[in-house]
Amino acid sequence: MRFSIGTAFLPPDELVPIARAADAAGYHAIAVSDHVVNLEELRTPYPYTDDGSRRWKPFTPWLDPWVTVGAMAAVTERIRFFTSVYVLPMRNPLTVAKAVGTAAVLSGDRVSLGIGMGWCEEEFELMEQPFGGRGARADEMLEVLAELWRGGWVEHHGAAYDLPRLEMTPAPGAAIPVFVGGTSKAALRRAARHDGWISDYLTIDEAAAVWSEIQEYRGRYGTSDRPFSMICSLKDAVTVDDLRRAEEAGVTELLTMPWVFYGGFKQDLGQKLDGLERFADEILAKLPD
């Protein structure tokens, strides 16, 4: 099993030290989150809580994910980075291709793109992108991104995007994996066509059920022989035995804040680094990739 560190809502000045320590301790990846703005009032209910309230308070830091990846990549050598998740259809495909491709080149191809379709209609409006049809538009965006990241001359004529012959240099040295977040049937089908799925908070049994459904879709799409990442935040995985059971259920990667196991969420940077290293000693060492 692989282990990745979530960084949502952390103070910005903690990210580089955490990245450096995680790289040294043998973690697989660091996940960064995404919102451009946080509106005071919303028409759209937040879909991941029972009452529709957001999980964060006003003035919680939301950094640009690709600038953040660049800063962390500059002080690390091995650890990978992915977004959990980047609201893809809220952007223009050329600006996404440039930002993600640049991060890949400068990090030595240590970047994966984790995407979501987005839930906040008002944020789409401010970004001047339509909320409706975002799933189909994102699928076409992924085609455009793959074409641009292969390098050379590209020409694309689709339903949403019409690009004349052009090139975007430099191109990444390797294909950028695409992970998909979301729990809808459409999200699971999209994940099955690509390289992985990113969960919300769920149990091991729930993860097993999702893995079974994704496997069915992968069979339909002829992608079953490709590597696939099941990146899960688990409610009920605390011990090594729990994690072994999760691995048997299809989970390939635990996304967690490892220091929380030892002191909760409200810790200073030194405590977080101590917890990160303790988790590596007690858990990572016993569950090698």
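The values are calculated or read from the model by the stated rules, or taken from the named source; none is laboratory data. Keep in mind the model is a prediction, meaning the values are calculated, not measured. Here Cβ is always computed from backbone atoms with ideal geometry, including for glycine, and neighbour counts include all displayed protein chains.
Below are the figures for this structure:
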{"item": "Selection from the range 230-243 of residues that are in contact (Cβ under 8 Å) with a residue 60 or more places away in the chain and either farther than 18 Å from Leu188 by Cα or of a type in the set (Ser, Thr, Tyr) (or both)", "result": "Ser233, Leu243"}
{"item": "Residue in the range 52-60 that is on the phi < 0 side of the Ramachandran plot and touching a helix residue (DSSP H, G or I) at 6+ places or on another chain (Cβ under 8 Å) present", "result": "no"}
{"item": "Candidates Arg244, Arg278, Arg226 - the one that is in contact with a helix residue (DSSP H, G or I) (Cβ under 7 Å, 6 or more places away or on another chain), over 19 Å from Ser84 (Cβ atoms) and surrounded by fewer than 19 Cβ atoms within 10 Å (Cβ to Cβ)", "result": "Arg278"}
{"item": "Residue count, the range 247-271 (criterion: crowded, with 19+ Cβ neighbours inside 10 Å and small (Gly, Ala, Ser))", "result": "2"}
{"item": "The range 20-45 - residue that is surrounded by 15 or more Cβ atoms within 10 Å (Cβ to Cβ) and modelled with pLDDT under 95 and, of those, nearest to Cys232 (Cα to Cα)", "result": "Thr44"}
{"item": "Hits in the range 5-19 - residues which are within 17 Å of Ile283 (Cβ to Cβ) and loosely packed, with under 14 Cβ neighbours inside 10 Å", "result": "none"}
{"item": "Test for Gln271: is it in contact with a helix residue (DSSP H, G or I) (Cβ under 6 Å, 6 or more places away or on another chain), without any contact (Cβ under 8 Å) to a residue 40 or more places away in the chain, in a helix (DSSP H, G or I) and not aromatic (Phe, Trp, Tyr)", "result": "yes"}
{"item": "Qualifying residue in the range 3-19 (condition: of a type outside the set (A, V, I, L, M, F, W, C), farther than 15 Å from Asp64 by Cβ and touching a strand residue (DSSP E or B) at 6+ places or on another chain (Cβ under 9 Å))", "result": "yes"}
{"item": "Single unsatisfied condition, Ser233 versus (1) part of a loop (DSSP other than H, G, I, E, B); (2) buried (at least 19 other Cβ atoms within 10 Å of the Cβ); (3) among the hydroxyl-bearing types (Ser, Thr, Tyr)", "result": "(1)"}
{"item": "Residues located in the range 140-177, provided they are outside any loop (DSSP other than H, G, I, E, B) and in contact with a helix residue (DSSP H, G or I) (Cβ under 6 Å, 6 or more places away or on another chain)", "result": "Met141, Val144, Leu145, Leu148, Trp149, Val154, His156"}
{"item": "Failed item in (1) surrounded by fewer than 17 Cβ atoms within 10 Å (Cβ to Cβ); (2) over 20 Å from Arg2 (Cα atoms); (3) not hydroxyl-bearing (Ser, Thr, Tyr), with Arg218 passing the rest", "result": "(1)"}
{"item": "Filter pass, Ala207 being surrounded by 20 or more Cβ atoms within 10 Å (Cβ to Cβ) and touching a helix residue (DSSP H, G or I) at 6+ places or on another chain (Cβ under 6 Å)", "result": "no"}
{"item": "Residues that are surrounded by fewer than 17 Cβ atoms within 10 Å (Cβ to Cβ) and either small (Gly, Ala, Ser) or in contact with a Cys (Cβ under 8 Å, 6 or more places away or on another chain) (or both), drawn from the range 93-132", "result": "Gly108, Gly132"}
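Here's the yes/no breakdown for (1) over 30 Å from Pro89 (Cβ atoms); (2) not acidic (Asp, Glu):
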| position | (1), (2) |
| --- | --- |
| His194 | no, yes |
| Ala209 | no, yes |
| Arg218 | no, yes |
| Lys235 | no, yes |
| Glu253 | no, no |
| Thr256 | no, yes |
| Asp268 | yes, no |
| Lys272 | yes, yes |
| Ala280 | yes, yes |
